[in-house]
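Engineer: The structure is given below, and queries will be raised subsequently.
The values are calculated or read from the model by the stated rules, or taken from the named source; none is laboratory data. Keep in mind that what you see is a predicted model, and the values were worked out from it rather than measured. Using ideal geometry, Cβ is built from the backbone for each residue, glycine included, and neighbour counts are taken over all protein chains shown. Accessible surface is based on the protein model in full, side chains and every heavy atom, while ligands, DNA and RNA are left aside. Shrake-Rupley method; radii C 1.70, N 1.55, O 1.52, S 1.80 Å.
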Amino acid sequence: MCGIVGALSKGPVAELLVDALKRLEYRGYDSAGVATLENGRLERRRAQGKLRNLEELLKSEPLLGNTGIGHTRWATHGKPSEINAHPHMTDDVSVVHNGIIENFHELKAELLAEGAPFTSDTDTEVIAHLVTRELRAGKDPVTAVFHILNRLQGAFALAMIFQGYENLMIVARQGSPLAVGYGDGEMFVGSDAIALAPFTDKIAYLEDGDWAVLTREGVAIRDRMGAGVERPVSQSQTGGLVVDKGNYRHFMAKEIHEQPEVVGHTLAHYLDLANSQVNLPALPVDFAQVSRLSLSACGTAFYACLVAKYWFERWAKLPVDIDIASEFRYRETAMQPGGVALFVSQSGETADTLASLRYCRQQNQQVLSIVNVQESSIARESNAVLPTLCGPEIGVASTKAFTCQLTVLACLAIAAGKARGVIGPEREAELVKALVEVPRHMAAILNDEHAYEALVHSLSKARDVLYLGRGSSFPIALEGALKLKEISYIHAEGYAAGELKHGPIALIDEEVPVIVIAPRDELFDKTASNMQEVAARDGKIILVSDADPAATGCAIQTALSVPSVHPFVTPLIYAVPVQLIAYHTAAFMGTDVDQPRNLAKSVTVE
Ligand code: F6R
């Protein structure tokens with residue numbers, strides 16, 4: 001998603017802003033730009049593509065100025081191009097924006113009728129023209145911005161600087177995240193604490209509806225009505241984290257390899273290892289009294305929820321409603337007051353998940369969330385937060401966040417099972433032991449990485465790939481297909497193995513690789529008969545399993561051997577092979593693994 005930075009500094013800011021933008025690269029972007037004030041005049045540089053294009057441009061055409069704003073764009077309105085890149089500006093104001101102005105057609109028509117000279121296809125440019133109209137009518141910048149903010153509908157974060165005002169920046173937040181950073185005689189803004197890390201670790205998060213007037217001396221934050229408000233200033237932990245690839249070729253590879261460590265770290269937080277028990281923080285929920293649990297999320301986080309549905313129903317006998325957040329938010333679901341809704345999100349800023357959370361709060365649900373970014377909107381708006389402790393995830397394709405989400409969900413399912421009298425001490429110790437062994441088994445799979453590299457020659461030539469799984473391996477089939485398509489651009493679909501003969505079997509011929517996630521569990525024989533159906537149609541089976549391939553009773557083209565584990569934890573273990581298959585295929589094909597085309601890390605628009 002778009003990234004915003006801004007600085008009122010003591011020295012030239014352009015280079016600093018680009019450095020900060022680099023830390024937002026992980027969000028995905030297609031163009032970037034910077035504007036500064038030079039002797040009171042607004043100047044900007046913009047470039048399509050990677051940040052290095054903007055850096056090159058700034059070398060040949062430097063920007064001076066101690067006051068500036070910067071932006072990485074992820075196109076919503078108007079194709080990726082230099083003219084659509086931010087900042088957008090008139091002679092009077094320059095603006096960077098993250099989000100969508102939903103009523104921009106109406107505003108643009110109004111401004112065009114008055115002769116405003118538009119130069120881009122973006123929704124953002126209406127903001128520059130609206131402010132300019134107010135300034136030219138004689139208003140000062142603060143009054144002008146206050147006046148136009150209530151004309152903007154949609155979700156947005158904004159930062160603006162003004163011709164002739166060296167010591168002024170105005171920012172606003174409505175739905176998209178924005179943080180203010182406090183320096184010594186300097187002030188900063190950024191989309192998140194990671195962007196602000198080069199400048200400061202003293203950070204205040206704006207709330208929805210807040211707008212703020214920054215000078216080098218400080219910030220005055222106001223609410224929607226214009227009344228002054230205080231937002232707590234906290235010490236961000238992000239600054240000390242090194243955001244680099246280490247010895248890996250891609251962040252995604254590094255993050256896949258971090259899983260034994262971060263899953264272990266997350267387990268240590270939620271388990272009492274000495275007593276083989278779960279050890280969750282106090283929650284405002286008594287699972288013994290809960291009649292239904294509703295789960296909602298997007299993408300990979302949704303697949304984590306889908307695994308959790310199997311866990312909660314099997315191990316806690318707790319009925320689960322589950323929905324994709326973008327569907328849930330508009331379904332007007334009837335909810336029993338006092339129910340429990342659980343949201344899962346790496347970024348904690350996904351617009352659809354946040355909107356679903358707000359709907360549930362209106363329905364008097366207790367809202368729990370599992371998030372990785374603890375200072376995020378979803379975390380702040382939940383009644384209780386269960387953090388995943390995987391550190392910043394930079395690769396756009398989620399890997400370690402997924403397995404850490406599963407880890408927390410597994411601990412929560414055990415806690416719910418205990419509270420509901422389904423799980424006794426022995427069963428608890430058995431499941432906790434299975435979880436504790438997960439990092440070791442993940443490491444064993446990672447040590448066998450060459451087996452996955454050997455697959456890439458044939459997989460990279462495939463036009464379509466099918467993934468099959470049963471039970472809690474079905475969501476892993478879905479996740480495997482999502483990983484492959486998003487980073488290699490090969491079409492892939494995940495199916496419940498039992499669904500095969502209800503349609504997808506028509507796709508199978510000798511050209512289609514079929515990746516089967518089949519732990520040797522109580523469903524293995526059923527999945528084996530589906531494999532036989534595939535083999536009978538010359539499909540090329542790649543088996544991911546701890547079983548002897550001969551046990552399938554059919555020809556297996558490639559067998560990827562996985563350690564035998566307790567059936568409870570198979571989703572955690574089998575997530576790793578599907579990540580490795582996708583990663584090595586994409587790396588071999590030479591795609592932009594960490595920033596796949598068209599994708600964004602944090603989806604703050606719906
Ligand atoms: C896929 C992926 C996405 C995210 C989804 C939700 O690899 O990363 O599908 O899982 O956009 O994002 P969060 O978890 O930030 O809410």
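Engineer: Would segment 444-589 count as rounded, prolate or oblate if I go by the C-alpha gyration tensor, calling it rounded below 1.5 in a/c and otherwise prolate when a/b exceeds b/c, oblate otherwise? Please list the in-between numbers first.
Structural biologist: Details: a/c = 1.41, a/b = 1.05, b/c = 1.34.
Since a/c stays below 1.5, the shape of segment 444-589 is classed as rounded.
Engineer: What's the center-to-center distance, using Cα atoms, between segment 19-72 and segment 318-360 in Å?
Structural biologist: Using only Cα atoms to place each centre, the spacing works out to 37 Å.
Engineer: Another question, then. Taking C-beta distances below 4.7 angstrom as the pairing criterion, name the unpartnered cysteines of the chain, in sequence order.
Structural biologist: Lone cysteines by the Cβ rule: CYS2, CYS298, CYS305, CYS360, CYS411, CYS554.
Engineer: At 1.4 Å probe size, with the rest of the protein present, what percent of the exposed accessible area of segment 322-363 is carbon and sulfur atoms? Display every interim value, and only then the final one.
Structural biologist: Details: 810 of 1810 Å².
C and S fraction of accessible area: 45 percent.
Engineer: Can I ask one more? For ASP321 and SER60, compute 0.36 nm times the residue count separating them, minus their Cα-Cα distance, and round to one decimal in nm.
Structural biologist: Gain on stretching ASP321 to SER60: 88.3 nm.
Engineer: For segment 325-337, in order, what is each residue's ³J(HN,Hα) by Karplus, 6.51 cos²θ - 1.76 cosθ + 1.60 with θ = phi - 60°, in whole Hz (x at glycine and Pro)?
Structural biologist: 4, 5, 8, 4, 4, 10, 7, 6, 4, 6, 10, 5, x
Engineer: Please list, in order along segment 503-510, the HN-Hα scalar couplings obtained from phi with the Karplus expression 6.51 cos²θ - 1.76 cosθ + 1.60 (θ = phi - 60°), rounded to whole Hz, x for Gly and Pro.
Structural biologist: x, x, 4, 4, 7, 7, 8, 5
Engineer: Sticking with this one: Skip the ligands, DNA and RNA, and give the accessible area per residue of the chain with a 1.4 Å probe, whole Å². Present the calculation step by step, with values, prior to reporting the outcome.
Structural biologist: Working: 22930 Å² over 606 residues.
For the chain, the solvent-accessible area averages 38 Å² per residue.
Engineer: What are the semi-axes of the equivalent ellipsoid of the chain, taken as the square roots of 5 times the eigenvalues of the Cα gyration tensor, listed largest first and rounded to whole Å?
Structural biologist: Working: eigenvalues 412, 147, 92 Å².
For the chain, the semi-axes come out at 45, 27, 21 Å.
Engineer: Sequence-distant or interchain residues sharing an amide H contact under 5 Å with GLY339, placed H: which?
Structural biologist: Distant-sequence amide H within range of GLY339: GLN366.
Engineer: Here is a further query. Under 5 Å between amide hydrogens, which residues at least 5 positions from SER31 or on another chain qualify, with H placed 1.01 Å from N in the peptide plane?
Structural biologist: Those qualifying (amide H under 5 Å, at least 5 residues apart or on another chain) are GLY49, ARG73.
Engineer: Rg and Dmax of segment 3-243, using alpha carbons, in Å: what are they?
Structural biologist: Both quantities, over Cα of segment 3-243: 16.2, 51 Å.
Engineer: Label HIS77 and GLU437 with points 7 Å out from Cα along Cα→Cβ: what is the distance between them in nm?
Structural biologist: A separation of 5.7 nm, rounded to one decimal place.
Engineer: Computed FRET efficiency, Cβ-Cβ of SER234 and ASN279, R0 25 Å: what is it to the nearest 0.05? Kindly include the intermediate steps, with their values, before the conclusion.
Structural biologist: Details: r = 26 Å, r/R0 = 1.04.
Efficiency computed from Cβ-Cβ geometry: 0.45.
Engineer: Given the DSSP H assignment, sum -39500 (n - 2.57) over each helix run of at least 4 residues in the chain and divide by its residue total; what's the result at 222 nm in deg cm²/dmol, nearest 500?
Structural biologist: Numbers: 20 runs with 208 residues, N = 606.
So the helix-based figure for the chain works out to -10000 deg cm²/dmol.
Engineer: Now for a separate question. Would you mind checking which residues have amide H under 5 Å from LEU295's amide H? H placed 1.01 Å from N; only 5 or more apart, or other chain.
Structural biologist: Result for LEU295 returns ASP321, ILE322, ASP323, LEU342.
Engineer: Expressed as a rounded percentage, what relative contact order does segment 444-589 have, with Cα pairs under 8 Å and six or more residues apart? Don't jump to the answer; show the numbers that get you there.
Structural biologist: Details: 274 pairs, mean separation 44.6, N = 146.
Averaging sequence separation for qualifying contacts and normalising by length gives 31 percent for segment 444-589.
Engineer: Gain in length, HIS105 to ASN39, computed as 0.36 nm per residue apart minus the alpha-carbon separation, to one decimal in nm?
Structural biologist: Working: separation 66, 0.36 × 66 = 23.76 nm, distance 3.46 nm.
Contour length minus the Cα-Cα distance gives 20.3 nm.
Engineer: Could you derive backbone 3J(HN,Hα) for segment 164-176 from the dihedral phi with the Karplus parameters 6.51, -1.76 and 1.60 (θ = phi - 60°), listing whole Hz in sequence and x where the residue is Gly or Pro?
Structural biologist: x, 10, 5, 10, 8, 9, 10, 10, 8, 9, 9, x, 9
Engineer: If you don't mind, there's one more thing I want to ask. Could you look at segment 3-243 and say what percent of its accessible area is carbon and sulfur, using a 1.4 Å probe and all protein chains? Write out the running numbers ahead of the final one.
Structural biologist: Values: 4570 of 9280 Å².
That share works out to 49 percent.
Engineer: Arrange the peptides 17-23, 363-369, 163-169 so that the one whose residues have, on average, the most other Cβ atoms within 10 Å appears first.
Structural biologist: On the way: 17-23: 23.3, 363-369: 19.6, 163-169: 17.7.
Descending packing order for the listed peptides: 17-23, 363-369, 163-169.
Engineer: On to the next question. Rounded to a whole number, what % of the accessible area of segment 444-589 do carbon and sulfur atoms account for, probe 1.4 Å? Please list the in-between numbers first.
Structural biologist: Details: 2690 of 5340 Å².
Carbon and sulfur together cover 50 percent of it.
Engineer: With the Cα gyration tensor of segment 254-436 giving a ≥ b ≥ c as the square roots of its eigenvalues, does the rule (a/c under 1.5 for rounded; else a/b larger than b/c for prolate; else oblate) give rounded, prolate or oblate?
Structural biologist: On the way: a/c = 1.83, a/b = 1.10, b/c = 1.66.
Here segment 254-436 falls in the oblate category.
Engineer: Now a separate question. What are the membrane-span-like helices in the chain by this rule: whole DSSP H runs, Cα extent along the axis at least 15 Å, mean Kyte-Doolittle hydropathy at least -0.5? Mind showing how you got there, number by number?
Structural biologist: Working: long enough: 125-136 (17 Å, 0.20); 259-270 (16 Å, -0.28); 299-315 (24 Å, 0.24); 351-362 (17 Å, -0.43); 400-419 (29 Å, 1.28); 425-436 (16 Å, -0.07); 474-488 (21 Å, 0.61); 524-536 (18 Å, -0.39); 570-589 (29 Å, 1.15).
Within the chain the helices that satisfy the rule are 125-136, 259-270, 299-315, 351-362, 400-419, 425-436, 474-488, 524-536, 570-589.
Engineer: In nm, what is the difference between 0.36 nm times the number of residues separating ARG136 and ASP538 and their Cα-Cα distance? Intermediate values should be presented prior to the final figure.
Structural biologist: Values: separation 402, 0.36 × 402 = 144.72 nm, distance 7.22 nm.
Result for the pair: 137.5 nm of gain on full extension.
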